[in-house]
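Below is one structure, written out as structure tokens; the observations come after it.
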Amino acid sequence: MTPDAPATLFPFSDRSRRLQAEVRRFLDEKILPAEAALQAHAADPATRWTIPPLLEALKDDARAQGLWNLFLPDDTHGAGLSNLEYAPIAEITGRSLFAPEVFNCSAPDTGNMEVLLQFATPAQQAPWLPGLLDGRIRSAFAMTEPAVASSDATNIALPIVRDGDQLVIDGRKWWNTGAADPRCKLLIVMGVTDPDAPVHRRQSMVLVPMDAPGVRVLRPLTVFGYDDAPHGHVEIEFTDVRVPVANLLGASGSGFEIAQARLGPGRIHHCMRLIGLAQRALEAMVARARTREAFGRPLGGHGMAQEAIALSRCEIEQARLLTLQAAAALDAHGNKGAKDLIGMIKIVAPRMACAVIDRAIQLHGAGGLSQDHFLAQAYAGARSLRLADGPDEVHIAALARSMLKG
Ligand SMILES: Cc1cc2nc3c(=O)[nH]c(=O)nc-3n(C[C@H](O)[C@H](O)[C@H](O)COP(=O)(O)OP(=O)(O)OC[C@H]3O[C@@H](n4cnc5c(N)ncnc54)[C@H](O)[C@@H]3O)c2cc1C
């Protein structure tokens, strides 16, 4: 990391600095050395949909050291850090695809825990929140549907119909990240409860136990061939799934509002982690350029490799500063007040990470595309984030509308 400019422009608290150092040490000493074994577990057909004991051991270690739930601004349940204090920590965890889970800071549980804390009653929280906060169970978020353009949340069509004191759910969702994980116990499902209400008041969110009768995982989906086992991104069919009316989150018709609240911090966390991933790709690029020789000199002696390195550093630093600016705005003005800046980083950070990782792949030659380096999977993850949590175009259109309104 190159902390000089960010640290000057956005002075981090002593606590944030201490946690940054501790998380970085834990990552370098424990997580990065475990990556090969964790990858091997995920590649073995016999084990790939099971949880590696090594990961659980790393979680125990991180929890014991207090490096746990650092994303939660609430200091009763989490670390009580502001978004600005957490941003550089999330950047460090983004360097490894395994690290966010080790620190219990991985999506979609982070967003789901925030939703439960913000919108669920104590009785709704009781079966799920303690297990999620403790990292014993996992959860998934089911909004996107195969049959409709889900980037426009008003299109969400899955019917949730009241029948006495039950809610009945029928339909299909897909891209439910984490729902294949054997520890996944809870689905937060968005569907239509009030079809005749104004367009933004039609949907609600409902808590659905993963083992409710009628919930059926149809298949894992792949991103460029990666299925992200053991968590997965799955397609789910709901057939006459019945949950108590008491499982409705917030008021009937508040699904859109809850989705907006959930996505603000979630989007910024994704961007923070992407900056860490891009930074690691840049460091790999530099190491490669120093040591590999072609046409009589190290790759770093060729102008085009130098351009790849220099442009990557510029772009990472631009995105980092914008992300910190968005984090500071979120702390100062809340979700609504920071919405343009959050939209801006959601447009900028995934594109930046794709560009940087792509250059790193190129500098690694064919090996860069293979399983021997982290780059190919990192590219798949970064590319996904040009779609997940809303495609680029939706954020670009919203930002333009906001500016044109004045
Ligand atoms: C790896 C991964 C994980 C995901 N995890 C989850 C999850 O856990 N839960 C969940 O519910 N969903 C999840 N998603 C789904 C994701 O949020 C949706 O794919 C996304 O919101 C887009 O919806 P869609 O796929 O239906 O695309 P559509 O809505 O069909 O949009 C397709 C394309 O249309 C274009 N478009 C749309 N709107 C506009 C516009 N205003 N102007 C111009 N062009 C436009 C864009 O190019 C867009 O990409 C995940 C996706 C991925 C890839």
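The values are calculated or read from the model by the stated rules, or taken from the named source; none is laboratory data. Bear in mind that the values here come from a model prediction, so they are computed numbers and not experimental data. We place every Cβ from the backbone using ideal geometry, glycine too, and count neighbours over all the protein chains shown.
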Within region 389-405, the residues that are modelled with pLDDT of 95 or more and outside any helix (DSSP H, G or I) are 391
Cβ pairs under 7 Å, 6+ apart or interchain, first in region 172-191 and farther than 14 Å from residue 146 by Cα and in contact (Cβ under 8 Å) with a residue 24 or more places away in the chain, second more than 10 Å from the ligand (Cβ to nearest atom) and of a type in the set (D, E, K, R), ordered by first then second residue, are 178/138; 181/138; 183/138; 184/138
Picked from region 137-154 (must be touching a Pro at 6+ places or on another chain (Cβ under 8 Å) and either assigned to a helix (DSSP H, G or I) or more than 21 Å from residue 194 (Cβ to Cβ) (or both)), the residue nearest to the ligand (Cβ to nearest atom) is 151
Considering residues that are within 6 Å of the ligand (Cβ to nearest atom) and within 24 Å of residue 174 (Cα to Cα), the number found within region 390-401 is 4
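Please work out if residue 404 is over 23 Å from residue 150 (Cβ atoms), free of Cβ contacts under 8 Å to residues at least 40 places away in the same chain, among the aliphatic types (A, V, I, L, M) and within 15 Å of the ligand (Cβ to nearest atom). Quick ask: steps written out before the conclusion?
Details: over 23 Å from residue 150 (Cβ atoms): yes; free of Cβ contacts under 8 Å to residues at least 40 places away in the same chain: yes; among the aliphatic types (A, V, I, L, M): yes; within 15 Å of the ligand (Cβ to nearest atom): yes.
So residue 404 passes the test.
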Practice prompt. Assess whether residue 351 counts as being loosely packed, with under 13 Cβ neighbours inside 10 Å, at negative phi and within 16 Å of the ligand (Cβ to nearest atom).
Written response: no
Going through region 366-388 in order, the residues found to be part of a helix (DSSP H, G or I) and hydroxyl-bearing (Ser, Thr, Tyr) are 379, 384
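What are the residues in region 321-338 that are assigned to a helix (DSSP H, G or I) and either without any contact (Cβ under 8 Å) to a residue 40 or more places away in the chain or more than 18 Å from the chain's Cα centre (by Cα) (or both), if any?
321, 322, 325, 328, 329, 331, 332, 333, 334, 336, 337, listed by residue number.
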Counting only helices (runs of 4 or more DSSP H) entirely within region 1-111, those with at least 1 residues that are modelled with pLDDT of 95 or more and closer than 24 Å to residue 281 by Cα are 14-26, 32-43, 53-64, 83-93, 99-102
How many residues of region 154-169 are at pLDDT 95 or above and among the hydroxyl-bearing types (Ser, Thr, Tyr)? The answer is 0
When residue 131 is run through (1) within 16 Å of the ligand (Cβ to nearest atom); (2) under 20 Å from the mean Cα position of the chain (by Cα); (3) modelled with pLDDT of 95 or more, the failure sits at (1)
